[in-house]
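Student: I'd like to ask some things about the structure below.
What follows is calculated from the coordinates using simple rules that are stated; it is not laboratory data. In this text the structure is predicted, and so the values were computed from the model without any measurement. Here the Cβ positions follow ideal geometry from the backbone for every residue, glycine too, while neighbour counts run over all protein chains shown.
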Amino acid sequence: MTSDTATTHLITDVGQSKRFLNRRRRETGLGYLMLAPSLLIFSVFVFYPFFKNFYLGFFRTPPFPGLPARYVGLDQFREVLTSDYFTNSFRVTIVFALLTVPAGIILGLLLAMVANQRLRGIGAYRTIFSSTVATSVAVASVIFGTLLNPQVGLLPWLGLTTNPSILENPKYALFAVAVTTIWQNLGLSFIVMSSGLQAIPDEIIEATEVDGARPWTRFWRVTLPLLSPTVFFAFVVGSIVAFQTFGQIDLLTQGGPIDKTNVLTYAIYKALRDQNEGKAAVLAVALFGVTLLLTTAQMRILERRVHYGN
Amino acid sequence: MATEFIESVSKPAVPIIDLVVSEEDRVAIAKRHRRRRASIAIRYVFLTFLAAIILFPIYITIVNSLLTPLQIAARPPFFFPTKPTWGAYSDAWNAGHMSLYLMNSVIVTVLIVTGQIVTATCAAYAFAFLEFPLKRTLFIIFLATLMVPFEVTVITNLTTVVNLGWYNSYAGLAAPFMATGFGAFLLRQAFLGVPRDLRDAAALDGYGHWRFMVRVAVPLARPAMAALAVFSFLGAWNQYLWPLIVTKDSRYRTLQIGLRQLRATSLDQVNVTFAGVVIAALPLIILLVIFQKQLVRGLTAGAVKG
């Protein structure tokens, strides 16, 4: 009797673990199957081209199509990365990021603060403040490009005029592209900052109101510190986006005048257009290097969220 | 600020208090009221001022699309279309190929959004509900894709697409974007919020993984799905570099590249360019008005813990 029950126990145990093993195996198969589509796309269009890019940098593209590319080791990297062309392009990219990112955040925050009050009809203002999210880079660029046009544009008529015209002026072209970009991103910046503001509990703000803190002090001492994760996020993501700016440049200045708006992405595009794959690849590696620093910061934030999630 | 607003609305209480306050106090109260009303007026003026600056480029674009090229070049300029002409719209729509570009943009965007939602849902489900070897490593690989800017892969991707025979086609426009590491991450977080008991209960009811995913997990993760949809929609719709280099004629050009073509046309058709801009912006404006809530969630999905 006792031995009997022991045997049945044993049998069911074996059966259970077998079933469990089967389930494990099926789950593993299913898991890989569900990841397969994404992994396929990533392998073909992210990882393969990423590594291929370094490889391409080792080969100099021949001056005439049809000739084989020549292996030059690190020579091309050294040559391109120390050239004035690259240094200029790199500087332009950084200046562009400095012109657009902080200004975008500050203006977005200003709009969010102004719209974050209980007034009748404030909803309409909020909609207007976020309206530029509906504009694409191309829409914004064509609008500003035409508005700045010396013959038909409104802005020259309003007195905003230089000689040569703003977009052809080495001094002002990048600034004009930056203003276009800031305007186009304003809606997004406003939305992000607003949601950050709304995430601050009302009680905290009310408590400081009761304390009699002046609005300015309240902003610096309470609101801004509580908003800092949002601002930090906007800063990192905004910088990444700024370093990948392309459409505005292509539509407004084509990298000119005299390469004054030749941001890295546009330099890559130009090298690619001239069928100089080797040079384009080296420039792309440089772009990756810069964004890597920024994305590492972004990953830190994401990672923290992963831990929260678990 | 909120309390001030409530006070300024609940004015009927004031006359009762008036009976007990002195003449001096009454003057002071009236002064304070006036000041408060002035401060509210100033706020509206400031808000309207900001709104006007932001809307000005859009407003002037709409006005110019309704003017003739001569009127646009006139000085002083027209700030209001006295005799609106709609010809620029039909020119942009037909001769400017905007109808074709619009259709191309819609097709490519639908392909990308659908593709991303499907691949991200599957991947996120695997990461959230299944156990298998190398899970953590694979998740890190997914996150690693976020570190590679598309511009870096563009050189080889162009060669790949040409070799696949997809140059100048919808497949070529959409294929590289059919998967998303960010989307998989976002949905995984949402799936992790689905109570474990629910999975056990569903298993007792004989639900397999597919049925549980479609019937339970996906509906529960709807806000995150909507956020991802909006996010990938905006990304796909606004693409510029890739459609520029992977298409060669108007048959497959998207709206954004179509605008580039319109901008290149001569100044005596500048009203057509403006009409093209309005046509290109309109679908997004309409969608944003309808899906404002999802939009805000989609855009802030990464910014604020949700």
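Student: Let me have the 222 nm mean residue ellipticity of chain B computed from DSSP H runs of 4+ only, each contributing -39500 (n - 2.57), with the sum over all residues rounded to the nearest 500.
Tutor: Value at 222 nm, helices only: -21500 deg cm²/dmol.
Student: May I ask you to list the trypsin sites (Lys or Arg not before Pro) in the range A:139-230 that are in a DSSP loop and have at most 13 other Cβ atoms within 10 Å of their Cβ?
Tutor: Sites meeting the loop and neighbour criteria: A:K171.
Student: On a 26 Å Cα-Cα criterion, which of the cross-link pairs B:K135/B:K293; B:K83/B:K293; A:K270/B:K248; A:K52/A:K270 come out too long?
Tutor: Among B:K135/B:K293; B:K83/B:K293; A:K270/B:K248; A:K52/A:K270, the Cα-Cα distance tops 26 Å for B:K135/B:K293; B:K83/B:K293.
Student: Per q in 0.08 Å⁻¹, report the Debye log10 I(q)/I(0) for the protein assembly as shown, using one uniform scatterer on each alpha carbon and no solvent.
Tutor: These q points yield log10 I(q)/I(0) values of -0.68.
Student: Hydropathy first: keep DSSP H helices in chain B averaging at least 1.6 on Kyte-Doolittle, then drop any whose Cα extent along the axis falls short of 18 Å, and list what survives.
Tutor: TM-like helix candidates: B:98-129, B:270-290.
Student: Taking DSSP loops as anything outside H, G, I, E and B, show the longest stretch in chain B free of chymotrypsin sites (Phe, Trp or Tyr not before Pro) there with at most 13 other beta carbons within 10 Å.
Tutor: The segment B:87-306 is the longest one with no such site.
Student: While we're looking at this one, here's another question. Taking the Cα centre of each part, how many Å lie between the range A:72-109 and the range A:155-233?
Tutor: 23 Å
Student: Can you tell which of A:W220, A:W183, A:W157 shows the greatest fluctuation in a Gaussian network model of chain A with Cα springs below 10 Å?
Tutor: A:W220
Student: In nanometres, what is the gap between the two model label sites at A:L160 and A:F54, each 7 Å from Cα along Cα-to-Cβ?
Tutor: 4.5 nm
Student: Tell me which DSSP H helices of chain A clear both cut-offs, 24 Å or more of axial length from alpha-carbon atoms and a mean Kyte-Doolittle hydropathy of at least -1.0.
Tutor: Span-like helices, by this rule, are A:2-42, A:84-115, A:173-198, A:224-243, A:277-309.
Student: What's the average, rounded to a whole number, of partner chain beta-carbon atoms within 10 Å of each residue's beta-carbon in A:49-58?
Tutor: For this peptide, the per-residue mean of nearby foreign Cβ atoms is 4.
Student: Another question, if that's okay. Return a whole-number percent for the relative contact order of chain A, with Cα pairs under 8 Å and 6 or more residues apart as the contact set.
Tutor: Rounded, it is 25 percent for chain A.
Student: Under 8 Å for C-alpha pairs, at least 6 residues apart: give me the relative contact order for chain B, rounded to a whole percent.
Tutor: Relative contact order of chain B: 28 percent.
Student: Based on C-alpha coordinates, I'd like the Rg and Dmax of chain B, in Å.
Tutor: In Å, with Rg to one decimal and Dmax whole: 27.7, 90.
Student: Would you please give the FRET efficiency between B:W86 and B:Q261, computed as 1/(1 + (r/R0)^6) with r the Cβ-Cβ distance and R0 = 22 Å, to the nearest 0.05?
Tutor: My answer for the efficiency is 0.55.
Student: Now a separate question. In the Gaussian network model of chain B, springs joining C-alpha atoms below 10 Å, which of B:V27, B:V162, B:V110 carries the largest mean-square fluctuation?
Tutor: Highest fluctuation among the options: B:V27.
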